[in-house]
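First the structure, in the form of structure tokens, and then the observations on it.
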DNA sequence: TACCCATATTGATTCCTGTCAAGCTTGTAC
DNA sequence: GTACAAGCTTGACAGGAATCAATATGGGTA
């Protein structure tokens, strides 16, 4: 039950898309400078969630797509028999809810992996706006089609690659995504638990753990809990068969 | 190199969306009767492909989304190292190319599994039309989000279920999709080869073969080459853990 | 500071499924 | 009608990862 904390921001503090540092990654990317106001008109900023809080729950009415502003989010689907499948990890600038767009209810559950701030784009207003702004509509189609492609890549990774290859691919994906966000691409902190990684990659937690230590013993990476340092990117890239070698998520 | 055969249709024969028997499955589903003309204005009908012919190729310029009119299509992505991943099978009324929408080039290759007829919706015109027709845009978003969901379901199937469960899920998916098309849901002919099934489900061909005979020995199905008859739907449904129990593709 | 529970690591064992290898079947082309 | 090739089935075997089990670590809290 997402106990949501709404910050009341003074008008002066109201961070706008104009000044947002993520504007080159997020939706504003597709919008002309002089049209940004229209996007700002519909966005709800300043929703904060603490680590572990649910941002929205599967099967509840679909209200908005949302962009991560800071922090990290994981999405997952949960089946009737209670088993969970992690469907994605989202970093600042990435858009959540595309798998629900056009539907009545959220197709997955979104959970904050750490203290996270999000911007919400109410669906109806977003759909309306995309009708008025061809570039924005085009961009939405592009984001969605890339999500489909990413999902296909994941399916390929799951069905054709070994545990080591899957984990290497995830590390490299995170690496390039962090880098694009002007953070280190070689030394970062994993926002998710081992069990989330395992679930996402279709492995047992024990296997994930084993591969991490194996990589460490081989001098490919260095880990200390959730802190990882990629020491030998080349070998890491070599571990995956030169497909699946893209950032796997929205690449604006 | 898709050697495409274009049929020149006499104006009188020009099958329209108005009279198409698939109009309750395909795009017309989202369009008011009196607006159907606008969709007909942009659709190119009567493209026929023979079994094995490529309908479009990965990385070639993305021109149109297309709807299967008759026959069956498989889509796949091919990596630099030449390995293939089948990403979907498409039956009449289903839309291909959503994973490329908004992009410059086709994200996958589409191949006719049998003699197949398709309708083409040129991208630019389609995007334009969706801007003019809110219900159509909404429907497009819905189709794409369902494609994402289906892909997530597939990922779950691949990462959590056994060979038997995966094959049972595919058979049930095909069953319900055939049924929705007013064909038998218990006795049908598989449009794809064992190797395609294997590739799609992340299995070896031999494993697919073995599971088919195992199911047959258990009296769950009967097979004769590509002909299958589902004898015990309940057991088949029981084979999959009551998730993944939807049609897995566009469910208009 | 010390405790506690969730998270992570390590070890031993089992088994599903891939791989290699060999027939078999079917459909098509000559 | 026959022959070939592609597709499919069956068997034997090995290996990677899951599972079961136990221990270690660490962050948060009293």
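Dividing the C-alpha radius of gyration of the range B:5-154 by 2.2 N^0.38 Å, with N its residue count, gives 1.02. Note on the range A:112-133 and the range A:19-78: Cα centroid distance 5 Å, given to the nearest whole angstrom. Here the range A:186-230 has an Rg and Dmax of 10.2, 25 Å, counting Cα atoms alone.
Averaging 1/r across all pairs of distinct Cα atoms in the protein assembly as shown and inverting the result yields a Kirkwood radius of 23.9 Å.
In cubic angstrom, how much convex hull volume per residue do the alpha carbon atoms of the range A:27-77 span? Given the Cα convex hull of the range A:27-77, per-residue volume reads 110 Å³.
Among the residues of B:134-144, the average count of other protein chain beta-carbon atoms within 10 Å of the residue beta-carbon is 5. Below 8 Å between Cα atoms, with a sequence gap of 6+, how large is the relative contact order for chain B in percent? Averaging sequence separation for qualifying contacts and normalising by length gives 19 percent for chain B. Label positions at residue A:29 and residue B:70, each projected 7 Å from the Cα along the C-beta direction, are separated by 4.4 nm. Note that the range B:143-209 carries a Kirkwood radius of 12.8 Å, evaluated over its alpha carbons pair by pair.
Note: the range B:44-118, Cα convex hull, 79 Å³ per residue. For every helix of n ≥ 4 consecutive DSSP H residues, a contribution of -39,500 (n - 2.57) applies; sum these over the protein assembly as shown, divide by its total residues, and give [θ] at 222 nm rounded to the nearest 500 deg cm²/dmol. Calculated mean residue ellipticity at 222 nm is -11500 deg cm²/dmol.
Report the FRET efficiency, 1/(1 + (r/R0)^6), for residue A:237 and residue B:104, where r is their Cβ-Cβ distance and R0 is 22 Å, rounded to 0.05.
Numbers: r = 25 Å, r/R0 = 1.16.
Computed FRET efficiency for residue A:237 and residue B:104 comes out at 0.30.
Could you work out how far helix A:123-132 tilts from the main Cα principal axis of chain A, as a 0 to 90 degree angle to the nearest 10? Value to nearest ten degrees: 70. Modelled spin labels at residue A:84 and residue B:205, positioned 7 Å past Cα toward Cβ, are 4.1 nm from each other. The largest-to-smallest principal axis extents of the Cα set in the range A:116-251 are 55, 31, 26 Å. Based on the convex hull around the alpha carbon atoms, the range A:106-155 presents an average projected area of 4.8 nm².
Remark: label point of residue A:229 defined 7 Å out from Cα along the Cα-Cβ vector; separations to the same position in other copies 6.7 nm, ascending. Rg/Rh for chain A stands at 0.97; both radii use Cα atoms, and Rh follows the Kirkwood definition.
The numbers here are math on the coordinates, done by the rules we state, and not lab data. Small disclaimer: the values here were computed from a predicted structure and weren't measured. With ideal geometry, Cβ positions are generated from the backbone for all residues, glycine too; neighbour counts draw on all protein chains shown.
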